[in-house]
Amino acid sequence: MEMDEDMEGSWTLLSWLASFVMVFGGALPYVPQYQEIQKSSNTEGFSTRVCLVLLIANILRIFFWIGKQFELTLLLQSVVMILTMFAMLHLCCTVQNANRVSTKQHRLSDLNLHYFWKWSAFEDYLLFCFGFTVVCAVITLLLLDSVVFVETLGSLAVMFEAMLGVPQLLQNFHNRSTKGMSVKMVLLWTAGDVFKTTYFVMNESPAQFWVCGSVQILIDVAILLQVLFYSQDTRAKLG
């Protein structure tokens, strides 16, 4: 009996620990990338569109939670991730403005699609997210009773999250280099995606979540292969 209680206590502790890692673990990969940008005063190696993808995914996930109350852990994870992405965008704006030679500013109010998500002021990113959130809130309020809408919302949320690494993959391809991108960030992405996919399966989360995790793992591996390929390519050019 006492052994059963000990096992139950240990399982509860592990469950709490797993939940803690789920909430804050997603933000951890951005710490080395944040430090890399601070150290180099250069943002070219990091795609800020990663922030765009994650902001949209997690805002949608919050509204999905309103329609279908799944684990509170995943809701808290979304809040932490949104705050993390704002911190990354704030740093990128600060560094880019400090390095900018031209005095020309690109603002959201210009309505120039060519400079979408390339704005000079951090406030414009906040304004865009606020507007997107309001639109989502109105649509959700009108269609909350529709099971099809709620499930579609969940699918869209995880679809965007599954595409997390794609902007970075494309950025590396465009630069023909992974310089400026934190490899630690990608390794932590991979470890985190393996962990959370396992978490989703074990906790019988909605199918959208573990499918998303599986796709993310494949994209993480592709980026790590880019690291190997471009480092070999650089050595070949120098040699």
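Looking at 60, 111, 75, which one is surrounded by fewer than 19 Cβ atoms within 10 Å (Cβ to Cβ), in the same structural domain as residue 142 (by the TED database), within 16 Å of the chain's Cα centre (by Cα) and among the hydrophobic types (A, V, I, L, M, F, W, C)?
Sole residue among the options that is surrounded by fewer than 19 Cβ atoms within 10 Å (Cβ to Cβ), in the same structural domain as residue 142 (by the TED database), within 16 Å of the chain's Cα centre (by Cα) and among the hydrophobic types (A, V, I, L, M, F, W, C): 75.
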Out of region 172-189, which residues are β-branched (Val, Ile, Thr) and open to solvent by 30 Å² or more (accessible area, probe 1.4 Å)? 183
So which of 169, 126, 153 is touching a residue at least 12 places away in the same chain (Cβ under 8 Å), in the same structural domain as residue 196 (by the TED database) and in a helix (DSSP H, G or I)? 169
I'd like to check something: does region 53-66 contain any residue that is without any contact (Cβ under 8 Å) to a residue 40 or more places away in the chain and either assigned to a loop (DSSP other than H, G, I, E, B) or in contact with a Phe, Trp or Tyr (Cβ under 7 Å, 6 or more places away or on another chain) (or both)? no
Which residues, taken from region 95-123, are modelled with pLDDT under 95 and in a helix (DSSP H, G or I)? 95, 96, 97, 98, 99, 108, 109, 110, 113, 114, 115
What is the residue count in region 198-219 for residues that are modelled with pLDDT of 85 or more and open to solvent by less than 60 Å² (accessible area, probe 1.4 Å)? 5
Residues (of a type in the set (D, E, K, R) and at pLDDT 85 or above) located in region 179-197: 179, 184, 193
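Does region 182-189 contain at least one residue that is part of a loop (DSSP other than H, G, I, E, B) and of a type in the set (Lys, Arg)?
Within region 182-189, none of the residues are part of a loop (DSSP other than H, G, I, E, B) and of a type in the set (Lys, Arg).
So is residue 44 in the same structural domain as residue 130 (by the TED database), touching a residue at least 60 places away in the same chain (Cβ under 8 Å), over 23 Å from residue 202 (Cα atoms) and open to solvent by 40 Å² or more (accessible area, probe 1.4 Å) or not?
When the stated conditions are applied, residue 44 passes them.
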Consider residue 195 carefully, then state whether it is out of contact with any strand residue (DSSP E or B) (no Cβ under 7 Å at 6 or more places or on another chain) and surrounded by 20 or more Cβ atoms within 10 Å (Cβ to Cβ). no
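The values are calculated or read from the model by the stated rules, or taken from the named source; none is laboratory data. Note that the structure is a prediction, hence the values are computed from the model and not measured. Here the Cβ is made from the backbone with ideal geometry for all residues, glycine too, and neighbour counts use every protein chain on show. Side chains included, ligands, DNA and RNA excluded: accessible areas come from the protein's heavy atoms. Shrake-Rupley method; radii C 1.70, N 1.55, O 1.52, S 1.80 Å.
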